[in-house]
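The values are calculated or read from the model by the stated rules, or taken from the named source; none is laboratory data. Since the model is a prediction, treat every value here as computed from it, not as a measurement. Glycine also receives a Cβ, built like all others from the backbone with ideal geometry; neighbour counts cover every protein chain displayed. Protein only, heavy atoms only, side chains kept; ligands, DNA and RNA dropped before computing areas. Shrake-Rupley method; radii C 1.70, N 1.55, O 1.52, S 1.80 Å.
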Amino acid sequence: MAAWFSSDSSITWACRELLSGRAISHPDGIAEAGGWRLSAIVYVLRHRYQWDIQTIRKGTRRVAFY
């Protein structure tokens, strides 16, 4: 069983945004939800709940968007 290492508000924010079809990134999570573990949330959603979440890396810093 995978553990959640993020706050409930960060998890709720990420799920809501992903379900709405929005591409979100770590900087979005910090600014909008105060969360620092977006990749961990995505990992649990992919592996524990079988969500089909794609990753696209953008910009010269290769920021991951989910």
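Given H placed 1.01 Å from N in the peptide plane, which residues other than close sequence neighbours of Ile24 have an amide H under 5 Å from its amide H?
Placed amide hydrogens put Tyr66 under 5 Å from Ile24.
For the residue pair Thr55 and Thr12, what label-to-label distance in nm results when each label sits 7 Å from Cα along the Cα-to-beta-carbon direction?
Here the answer is 2.8 nm between the modelled labels.
Where the accessible area of the chain is counted over protein heavy atoms with a 1.4 Å probe, how much of it, in %, is carbon and sulfur?
54 percent
Using modelled backbone amide H atoms (1.01 Å from N, in-plane), which distant-in-sequence or interchain residues come within less than 5 Å of Val63's amide H?
Sorted by chain and number, the residues that satisfy this are Lys58.
In Å², what does the accessible area per residue of the range 1-63 work out to with a 1.4 Å probe? Could the numbers behind the result be given before it?
Working: 4430 Å² over 63 residues.
Each residue of the range 1-63 exposes 70 Å² on average to a 1.4 Å probe.
So how strong a dipole does the chain carry about its Cα centre when Lys and Arg Cβ are +1 and Asp and Glu Cβ are -1, to the nearest 20 debye?
300 debye
Of all the stretches in the chain, which is the longest one without any exposed loop site, taking trypsin sites (Lys or Arg not before Pro) in a DSSP loop (any state but H, G, I, E, B) with at most 13 other Cβ atoms within 10 Å?
Here the longest segment lacking exposed loop sites spans 23-47.
Given a 1.4 Å probe and the protein chains all in place, what does the accessible area of Ser7 round to, in Å² to the nearest 10?
Ignoring ligands and nucleic acids, Ser7 comes out at about 60 Å².
With semi-axes √(5λ) of the Cα gyration tensor in Å as the read-out, I listed [x] 19, 16, 11; [y] 18, 14, 11; [z] 24, 11, 9; which label goes with the value calculated from this structure?
[y]
From the phi of every residue in the range 43-59, what ³J(HN,Hα) in whole Hz does the Karplus formula 6.51 cos²θ - 1.76 cosθ + 1.60 yield, where θ is phi - 60° and glycine or proline is x?
Going residue by residue, I get 4, 5, 4, 5, 8, 8, 10, 6, 6, 8, 10, 8, 10, 10, 9, 10, x Hz, with x marking Gly and Pro.
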